[in-house]
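Worksheet: one structure, shown below.
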């Protein structure tokens, strides 16, 4: 049996790997080079503890306040387009404690495989930079920390054991933190990795396994007969198959219409900037500023912001400057680099209205599947998504873990 994967980001690549490892024949078709965009432009975190959906209590009001600031962590470009208004209405409905807690639990259940699967990949010869130093959430605002303490019972239920650090305890854990940091939560089991290095190594491994990777081939046609996909096409090139997986990230919404569906995904632009090594103990979330900091062997990465706009990767220097300034109030000796000395990059995170991934069967098609909407959790959830999708695609086994992520929860996804 042959599976065609549309999209060569981290979700498509990991799923192709799991399928090929089970002996399946796979072709990946990507509109540009595989592994670009949000699959590389991210913090590189494997952090189930951070997988609460974006919509939650107070998010709508906070978003409205942030829209007045050009350097805010979140920006929503207003629009009267029906699909935009429908998306925002869905986000508004999901912005409550009950929905966020249920979504968090669903992500935690799905992500239980992620940590050991990344170690398994390395054991299988996929060579990339991987660290096991855990994750620190650093808080300047005690109320924000109290909000996160409300989820401690939930994360413990899924095997995560956070240490609560108050006052100077947080500086004992991470000496570079300034006195403005009131406390933190340390999760010892979380990982971080070089996401670009991972996707490049995975791409090489796939080629060695016989997976065909077709790049610079945007899919512009889908051929369907008797509720089955026969092939997809890019210009004059045709890619036939037995099963088809749509894993096109932020480009999923327009592509889903070619399959007769309407998957409500919007792009949320994020940035990453790399500077000289800084010497943190491990990955640290500057929580109040919404900036992620990640130490690698030979560089230090900062990532952040969320811009709901169009499908473009243009750089907004105002937001870049805000990311570079953010560590100044958290670290004792942070000196922002000059703008001329850094090369910021942008990537489009695929966001769903309720902040949860969309994983499952495409509507009305017996051999069509979709995996998208992982937002800022693409690296964290990719291995587990690939595992349950492989079971679904190969054996028709619909894991209970997938129920909260079904495309059927959206109108047009049925």
(i) 76, 55, 44; (ii) 65, 48, 46; (iii) 110, 52, 37, with the label sought being that of the calculated Cα extents along the principal axes in Å: (ii)
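Can you give the relative contact order of region 56-140 as a percent, counting alpha carbon pairs under 8 Å and 6+ residues apart?
28
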Ranked by how many other beta carbons lie within 10 Å on average, peptides 151-160, 381-390, 394-403, 356-365 from highest: 381-390, 356-365, 151-160, 394-403
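Highest first, please rank the peptides 7-13, 17-23 by the mean number of other Cβ atoms sitting within 10 Å of their residues.
7-13, 17-23
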The chain: most fluctuating residue of 268, 221, 56 per GNM, C-alpha cutoff 10 Å: 221
Most mobile of 103, 184, 309 in a GNM of the chain (Cα contacts under 10 Å): 309
Of all DSSP beta bridges in the chain, antiparallel share, percent nearest 5: 70
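Over the chain, what is the relative contact order in whole percent, taking alpha-carbon pairs under 8 Å and six or more residues apart? The partial results should precede the final answer.
Details: 924 pairs, mean separation 106.4, N = 414.
Averaging sequence separation for qualifying contacts and normalising by length gives 26 percent for the chain.
Give the peptides 346-354, 326-334, 367-375 in descending order of average Cβ contacts within 10 Å, highest first. Numbers along the way, then the final one.
Numbers: 346-354: 24.9, 326-334: 17.7, 367-375: 26.7.
In decreasing order of mean packing, 346-354, 326-334, 367-375 become 367-375, 346-354, 326-334.
Since every read-out is calculated from the coordinates, none of them should be taken as a lab result. Worth saying up front: this structure is predicted, and the values here are computed from it rather than measured. So basically every Cβ, Gly included, is an ideal-geometry build from the backbone, and we count neighbours across all protein chains shown.
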